[in-house]
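Trainee: Before we start, here is the structure in question, set down as structure tokens.
The values are calculated or read from the model by the stated rules, or taken from the named source; none is laboratory data. Quick caveat: nothing in here was measured; it's all calculated off a predicted structure. Backbone-built Cβ (ideal geometry, glycine too); neighbour counts: all protein chains shown. Just so you know, the surface numbers come from the protein's heavy atoms only, side chains and all, with ligands and any DNA or RNA stripped out. Shrake-Rupley method; radii C 1.70, N 1.55, O 1.52, S 1.80 Å.
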Amino acid sequence: MLSIAKIALAPLLLWQGARVRRQALRLPEAVGPRAGIAGRGALKLRLLIVGDSSGAGVGAATQSEALAGRLSTSLAERLGGSIHWQLLARTGNRSADSLQQLRDATLEPADLMVTALGVNDAVGQVGARHWARQLEALHQLAVQRCGVRYSLHSAVPPMHAFPLLPQPLRWLLGAHAMRLNRALSRSVLGRSDRGMQAMPPHLHQAGGAAALMARDGFHPNAEGYRLWAEALAERIARQITLSSR
């Protein structure tokens, strides 16, 4: 059904895509260090965050207000320990680009990896099974290079609620994002070393999403990053508790 719609709507979708690229407000990545320590305490967790422009904090002014800063701070509060975090993210990254970036980067050891990827894969219409295999490869490489013991993959955001996108392009990208998420969910089912975290429900409703988006209508604002980070931190804290039993 989705393939038929893409063929039927191809001229309109191509025109809309080109128009969005021309007119979209281009915001910078958040400024600030891409590694640091949050919190104090006996427990020490080493965190690697890998992502695209949302991982890089586009839509927030500083890294402390973006995903990396919010997540490390929220984890430190929940766990009562210190979070030694490092960020590897770049605007425009598809999962394949992040895989290459992870191969090339100089990295510190990490216990946990969080990924924030998939929007550019949806825009590029990357196949769902291929995308899921790339995230598996990203996990395996992080295990080999950094010693990662658990990877938590953030779901592709609800693109059907992105204010920037006109219809029917918004519907098409939203539908493909959901297809990617279904493939990822199947690929991590029953795994003890990998998981998937859905985006906060506030982001799935058009009105609610708009209030949590940056001026470009495509990335989270500081409050959107806070809610997203808290959902991830809650899941990680629960995973650590279960693993320690």
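Trainee: Using the per-residue mean of other Cβ atoms lying within 10 Å as a proxy for protection, in what order, highest first, do the peptides 17-26, 55-64 fall?
Mentor: On the way: 17-26: 11.4, 55-64: 23.2.
In descending order of packing, they fall as 55-64, 17-26.
Trainee: Now for a separate question. In the chain, what percentage of the DSSP-assigned beta bridges are antiparallel, given to the nearest 5?
Mentor: Details: 5 of 27 bridges.
If I count the DSSP bridges inside the chain, around 20 percent turn out antiparallel.
Trainee: What are the ³J(HN,Hα) couplings of region 160-167, residue after residue, when phi is run through the Karplus curve with 6.51, -1.76, 1.60 and θ = phi - 60°? Round to Hz, x for glycine and proline.
Mentor: Karplus values, whole Hz, x for Gly and Pro: 5, 10, 6, x, 4, 7, x, 7.
Trainee: Here's something else I'd like to know. About the Cα centre of region 1-136, what is the dipole size in debye to 20, counting +1 per Lys and Arg Cβ and -1 per Asp and Glu Cβ, all else neutral?
Mentor: Values: 16 positive and 10 negative charges, 61 e Å.
Dipole magnitude for region 1-136 comes out near 300 debye.
Trainee: A further question on this structure: Could you state the accessible area per residue of region 162-231 in Å², with a 1.4 Å probe and every protein chain left in place?
Mentor: On the way: 3110 Å² over 70 residues.
Accessible area per residue: 44 Å².
Trainee: Got a sec to turn the phi values of region 50-57 into Karplus ³J(HN,Hα) couplings, 6.51 cos²θ - 1.76 cosθ + 1.60 with θ = phi - 60°, whole Hz, x for Gly and Pro?
Mentor: Computed from phi, the couplings for region 50-57 are 10, x, 9, 5, 5, x, 7, x Hz.
Trainee: In whole Hz, with x marking every Gly and Pro, tabulate ³J(HN,Hα) for region 41-49 from phi via Karplus 6.51 cos²θ - 1.76 cosθ + 1.60, θ = phi - 60°.
Mentor: Karplus values, whole Hz, x for Gly and Pro: x, 5, 6, 10, 10, 9, 10, 10, 10.
Trainee: Grab the DSSP H runs of the chain that are 4 residues or longer, score each as -39,500 (n - 2.57), total them, divide by all residues and round the 222 nm result to the nearest 500 deg cm²/dmol. Each step should come with its number before you reach the end.
Mentor: Details: 9 runs with 116 residues, N = 245.
The helix-only estimate for the chain comes to -15000 deg cm²/dmol at 222 nm.
Trainee: Still on this structure, I have one more. Apply the Debye scattering formula to region 1-147, with a single equal point scatterer on each alpha-carbon and no solvent, then give log10 I(q)/I(0) at q = 0.14, 0.18 Å⁻¹.
Mentor: One equal scatterer on each Cα of region 1-147 leads to -0.75, -1.06.
Trainee: Still on this structure: As an exercise, identify the trypsin sites (Lys or Arg not before Pro) in region 37-79 lying in DSSP coil whose Cβ has no more than 15 other Cβ atoms within 10 Å.
Mentor: Values: sites: 40, 44, 46, 70, 78; in loops: 40.
Answer by residue number: 40.
Trainee: Sticking with this one: Scan around residue 213 for amide H atoms under 5 Å from its own, H built in the peptide plane at 1.01 Å from N, and keep only partners 5 or more places away or cross-chain.
Mentor: Sorted by chain and number, the residues that satisfy this are 221.
Trainee: Under unit Cβ charges (Lys, Arg +1; Asp, Glu -1), what dipole magnitude, rounded to 20 debye, does region 96-245 have relative to its Cα centre? Write out the running numbers ahead of the final one.
Mentor: Numbers: 16 positive and 11 negative charges, 104 e Å.
It works out to roughly 500 debye.
Trainee: Something else now. Leaving out ligands, DNA and RNA, and with a 1.4 Å probe, what % of the accessible surface on the chain is carbon or sulfur?
Mentor: Numbers: 6300 of 11340 Å².
Within the chain, the accessible surface is 56 percent carbon and sulfur.
Trainee: Kindly provide log₁₀ I(q)/I(0) values, in the same order as q = 0.12, 0.16 Å⁻¹, from the Debye equation applied to equal alpha-carbon scatterers of the chain.
Mentor: -0.65, -1.16
Trainee: Could you work out the per residue convex hull volume over the alpha carbons of region 66-185, in cubic angstrom?
Mentor: On the way: hull volume 13.6 nm³, N = 120.
Cα convex hull per residue, to the nearest whole number: 113 Å³.
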